[in-house]
1. Being assigned to a helix (DSSP H, G or I), in contact (Cβ under 8 Å) with a residue 24 or more places away in the chain and of a type in the set (Lys, Arg) is the requirement here; does A:Arg305 meet it?
2. What's the total number of residues in the stretch B:232-256 that are closer than 27 Å to B:Glu268 by Cβ, touching a Pro at 6+ places or on another chain (Cβ under 6 Å) and assigned to a loop (DSSP other than H, G, I, E, B)?
3. Does A:Glu327 satisfy the condition of being away from chain B (no Cβ under 14 Å) and free of Cβ contacts under 8 Å to residues at least 12 places away in the same chain?
4. Report, by residue number, each residue of the stretch B:36-63 that is touching a residue at least 40 places away in the same chain (Cβ under 8 Å) and either surrounded by fewer than 19 Cβ atoms within 10 Å (Cβ to Cβ) or in contact with a helix residue (DSSP H, G or I) (Cβ under 9 Å, 6 or more places away or on another chain) (or both).
5. Cβ-Cβ distance below 9 Å, separation of 6 or more or different chains: which pairs start in the stretch B:463-478 with a residue that is at the interface with chain A (Cβ under 10 Å from one of its Cβ atoms) and within 13 Å of A:Ala318 (Cα to Cα) and end on one that is part of a helix (DSSP H, G or I) and open to solvent by 40 Å² or more (accessible area, probe 1.4 Å)?
6. Return a yes/no flag: does the stretch B:353-365 have any residue that is part of a strand (DSSP E or B), over 22 Å from the mean Cα position of the chain (by Cα), of a type outside the set (Ser, Thr, Tyr) and on the phi < 0 side of the Ramachandran plot.
7. Name the residue that is most open to solvent (accessible area, probe 1.4 Å), counting only residues in the stretch B:185-226 that are over 27 Å from B:Leu302 (Cβ atoms) and of a type in the set (Phe, Trp, Tyr).
8. Do you know which of the residues in the stretch A:312-347 that are open to solvent by 30 Å² or more (accessible area, probe 1.4 Å) and in a helix (DSSP H, G or I) is nearest to A:Ser198 (Cα to Cα)?
Amino acid sequence: MSIDDPIELVLAGDGKPLLHADKRESFRIFAQRLSESISNSKSTNDHIGAVSALLNETGGGFSFLALTKDQEVFCARDRMGVKPLEVGSIGFDMGILSSETGALDVVGANHTGSVKPGEVVLLDPFSISRKMLKTSRIAHCAFEYVYLARLDSLMENRSINDVRERIGEVIADESPPIDVQEAVVIGVPETAIPFAISYSRRKNIPMRMGFVRTGRHTRTALKTNQFERVAGVQLKLNPIKSSIRGKETILIDDSVVRGNTLKNTVLNLKRKGATKVHVRVGSPALIAGCPYGVEVPPRDELIGRNVSEEEIADIIGADSFAYISTEGLGRAIGIPGEKLCMGCFTGKYPEKIE
Amino acid sequence: MRILGVGNAAREHAIAEKLSMSRHEPKIYWVGDYLNPGIDKICKSTKGDYALADPTSPTKVLEWATKWRVDFVFIGPEEPNFHGVPDVLRKNGVPCIGATRSASMIEMSKAALRRLQWKHDLRGKLLFKTFATAEQARETLEKYSDTLTWMQNVALKPARQAGGRGVKVIDDRQLYLHDEKQKFKTSHFGWLENYMKSYSDIEDKILIEENVWGPEYTLQCFTDGRNVIGMPLVQDNKNAHEFDIGTETGGMGSISGPKKTLPFITEEEYQESLEIVKGIVRAIQATTGEDYMGIVAGQMMLTEVEGPTIIEMYSRLGDPEALNVLAMLDSDLVDICLAILSRNLKESDVKFNQKATVVKALAPKGYPAPRNLATGHPILADEDQILKNDARLFWASAQRMEDGEIVTLGSRALEILAQARDHPSASAIVERAISQVKFKDGWGAFHRSDIGTAELIERRTELASRARNLYRQRRAKGTLSRRRDWLPKVGIIDPAKTLREEIAGLGD
């Protein structure tokens, strides 16, 4: 791929630099500064140094990939490693970069490594150079593990599917014991399915398919708000009656935003014959926004920030309701809590946010 | 003894027949706005008379009651109650079985009923909101549809009793058809506003109510104001067509027996339902300051949120539900009426047989709309043959012309009843009888073959067990009647509490 005059640089990014409130604008400013830094540097040997200097002074959690008019490809992850960036090789002489290893697999590339947190990689037609930025605390995005990443991807060499299965085990171990009879475990497709598989295994309660989704794959739906998608999913789900009829149903979900769609789901399950519905959620209560580009609704629209688990159960008409704890989520991911960003679950971010 | 009946449908035919069977051997007189062939026959055979007059006109009914020097009047349908026929009769010294104008508000105004229930904090009530215009309804629903759960899933109704017409239920929980459902709500508000223009006797025009699900049943009661005596439960089938498809009608057929409950309602639920109806009678008496004398009925549903719940109230017997209970009534109806009028009604006065009873209505194609198509078709029905086959025919929206021909008037033309040891057997008897009824001009007729079948009863039973399981669990947890929502920027709200406070603020 190449670019020609008058275009100086094209950039693809994930996450968000802390340059502007708006994600696109933030990346636009970043791309402009990147381009200026490169053109201001004295020689081509200095390009990677100029990019590193810029990154050292730019806050935020993001990874990017930029192609310049000199036919150089720069890519980097922020120093905290909030967002992932994976490297692969394809054919004899091509490199490929992606946020997810799943994308490398599906185009037939080999996954050959990761860009490290705070690492800048420069690929030019003749060589590849790497440079580390100033060190910082590590803060991988926990929400990637719970919801955003594909099941077939690896992040920090961890299988997303394995992490999600561990989440199911942690929910099973953590949540208040319930004395269930004639019970069944169902998961909200697709994110919560691995949670449900391992919850079922751990509790020795059979898991069955709970829903069929009608229509388009929601991940491809072009919704501006990530959470509208989360909420939108459940409105498209049709409970499979024979799975739940006459059963105490343990419904495993991935996240709760306003709770209104979950309320409808619980009501639907009961109306279709579930005798009780216990809700277990594979992410902690969502209580705050994300400075790194995940579009969380305003704080006062988050039920988890405002209402206790017991009250949520009452409001949505469930017989019990529990989230995974933040500690439990850290355990499931297998990364110590101090090396994760759980800002949306705790309101505490890895760097100072204006 | 002379008794005057008012009204002219199948219910009134059944009332006339039951009155005529009394040990008092009364002469039966009638006022109706068309000549019901069945009632006419009974009037003739008892040496009574039948006058064609507006049954909703208090002066007309009084005029005939006075002329015939009747001992008491039995009001069949609701409209004479709404127009104050019982009030005028009593004021003029004519005893009457029928709810007064102000008591029959529990039926005439669905909004008044709900306000009464909320004001007295009675059990078995639903969230509701009323509007004077379609525009107001539209605005409110738009404002709340993304937030208040109950406003997403609503029943839209005319605020006044309108023969069961105009009720639409919209459950909007899925993404699919969401836009279409929104559009339909809006257009139906327009329809309701227009429909209600013909009624000037009520301020509220449009009612929205939280939508509930569960099996429906009707509990009809005799009351003298002090005692409320429940009759066997009846389940009416409102949808026009098989599989519960089609417009809500006045009722396409009903089942009752063999016990006092239905196969899918428990004895405990019967008692609770009776207490709920009694509560309404007490509340309306407290409001009106007069005794309720006659029939009161709860059209009820077993719901998840409330258990036994009032959907609507009747200030009279249901049609077709009247046919079921009168066929099951072993006691003398005239004795019961006399006990009511002397305020001395006792449980022991009212005895019922234990037969499974099935009624089905036959309607000309075109019913319920466009009704003009359903009008004017001559009916061929061999009543003697039907009787020989153990079924009974009751004439409804059909009149006898001067040439003796019986012609449809646009609504359910006739109803056929049979009793047997179980519902499927009774249903089969009705089916045999109904197949013998034809229109002379070859016009099509329809009825519901599924009413009373084992399959349909099984479906209702399954539905009831789901609803019962859920409301019993709520009761055990203490969350029966609880409806809470969480709204962004507002917090936890309790729509029931808000409504209760709103109603309390209204005063009387």
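The values are calculated or read from the model by the stated rules, or taken from the named source; none is laboratory data. Since the structure is predicted, the reported quantities are computational estimates derived from the model, not experimental observations. Virtual Cβ from ideal backbone geometry, glycine too; neighbours counted across all protein chains shown. Surface areas here come from the heavy atoms of the whole protein model, side chains and all, with no ligands, DNA or RNA. Shrake-Rupley method; radii C 1.70, N 1.55, O 1.52, S 1.80 Å.
1. So A:Arg305 does not fit the description; no.
2. Result for the stretch B:232-256: 1.
3. When the stated conditions are applied, A:Glu327 passes them.
4. Of everything in the stretch B:36-63, those that are touching a residue at least 40 places away in the same chain (Cβ under 8 Å) and either surrounded by fewer than 19 Cβ atoms within 10 Å (Cβ to Cβ) or in contact with a helix residue (DSSP H, G or I) (Cβ under 9 Å, 6 or more places away or on another chain) (or both) turn out to be B:Asn36, B:Pro37, B:Gly38, B:Ile39, B:Gly48, B:Pro55, B:Val61.
5. Once the first residue is at the interface with chain A (Cβ under 10 Å from one of its Cβ atoms) and within 13 Å of A:Ala318 (Cα to Cα) and sits in the stretch B:463-478, its partners that are part of a helix (DSSP H, G or I) and open to solvent by 40 Å² or more (accessible area, probe 1.4 Å) give B:Leu470/A:Arg271.
6. Within the stretch B:353-365, one or more residues are part of a strand (DSSP E or B), over 22 Å from the mean Cα position of the chain (by Cα), of a type outside the set (Ser, Thr, Tyr) and on the phi < 0 side of the Ramachandran plot.
7. B:Trp191
8. Among them, the one singled out is A:Arg331.
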